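Only the coordinates and a few stated rules stand behind these numbers; no lab work does. None of the values given here were measured: they were computed from a predicted structure. Glycine also receives a Cβ, built like all others from the backbone with ideal geometry; neighbour counts cover every protein chain displayed.
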């Protein structure tokens, strides 16, 4: 019999992996599929199936549950299903068998089997079933590929919204790091040198994840930069940005936000905290001050009034802004990293430069919790000692 593994002259639109230890079954199915432009790859044992799946992707797996080692229970086939799912979680699987029990069928369905075909089979039924499931698989992969491209483009755009450079100011160091939980996220920060003596530093955290959160984060950043250019102070800036967001964001979205103006001559800090995690200001003496207060979250109530507050970054001090993805990160036991660990870590590292403070914090966080369930962002502003 000629080899029909390869497709006809035209490229096949479907590629099926057939697993059965009976040569006549493999030959019969190849003869059935070949004229229909369906390419087949035979596998006569579970190891052949796994080897084929490791080499490339298929549109469908048509498989028997029984092989030479175990011809009656279906256990060998069920074990194979588990291995297949580990390699390709979405591969459509059709089980072809000459017998079966309800228990085996139920367990096969739990492994994601899409359908069953009884031996001897009806050719028209098998062709229709295979083509339908395989074409659905192809369509799903096309959609997944398109979505992946769009997500990568969104990620590239979002990365471009972060500051391309951070101001270099004698006697000061400013650094920031953002680790998104997915390709795009809802954390955003900005660092803008307004004039020779003032630097604006802000951090926002949009409720939610994915592209919707990223779009709102981009809107937030645009509104903040516009208000900065207008020369607005912290409270006035938060009021304006809040009104802008309330006019556009859905009711189930809001933003926690912190904005401050740092005077790089005298170290004074004017800030407004709109429902955000209170940044930590660690003095040269080790004393820690929480920069809280200012008003509620942005995007919730257009009539919210915001209050400006003040602090001071004396020589040897460091100001650390962070999002709740840091403090709410959980270890395997469900314990949160928390504010206490954060404060302790910063107390140890406060004499390091701003960039090292960010790096050491995220390294400590990763050691505590390797899974990133939320975006994790930290911004540090340090003033040299004397």
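Points worth noting:
- Estimated at 0.36 nm per residue, the fully extended path between residue 335 and residue 148 surpasses their Cα-Cα distance by 64.0 nm.
- Between helix 23-33 and the chain: long-axis angle, C-alpha atoms, 0 to 90°, nearest 10: 70 degrees
- Looking at the chain alone, DSSP beta bridges between its own residues are antiparallel in about 70 percent of cases.
- Only DSSP H runs of four or more residues enter the estimate; each adds -39500 (n - 2.57), and after division by the residues of the chain the mean residue ellipticity at 222 nm equals -12500 deg cm²/dmol.
- Cβ-based exposure ranking for 276, 366, in which fewest neighbours within 10 Å come first: 366, 276
- Computed FRET value (nearest 0.05) for residue 116 with residue 296, which takes r as the C-beta separation and R₀ as 45 Å: 0.20
- Cα shape, segment 162-383, gyration tensor, a/c 1.5 rule: oblate
- Ranked list, fewest to most other Cβ atoms within 10 Å of each Cβ, for 359, 187: 359, 187
- Between the helical axis of 75-87 and the longest alpha-carbon principal axis of the chain there is an angle of about 40 degrees.
- Fewest-first ranking of 63, 96, using other Cβ atoms within 10 Å as the exposure measure: 96, 63
- Nitroxide proxy distance, nm - points 7 Å out along Cα→Cβ at residue 13 and residue 236: 6.5 nm
- Antiparallel bridge percentage (DSSP; both residues within segment 255-297; nearest 5): 75 percent
- For segment 271-378, the square roots a ≥ b ≥ c of the C-alpha gyration tensor eigenvalues yield an a/c of 1.5 or more together with a/b not exceeding b/c, which makes the shape oblate.
- Between residue 384 and residue 309, the modelled labels are 3.1 nm apart [label points 7 Å from Cα along Cα→Cβ].
- Distance (nanometres) between label positions extended 7 Å along Cα→Cβ at residue 124 and residue 370: 5.5 nm
- Estimated FRET transfer efficiency when R0 is 51 angstrom, pair residue 56-residue 168 (beta carbons, to 0.05): 0.50
- Cα-based helix-to-principal-axis angle, 210-229 vs the chain, degrees rounded to 10: 20 degrees
- Segment residue 177-residue 79, extension gain: residue separation times 0.36 nm, minus the distance between their alpha carbons: 30.8 nm
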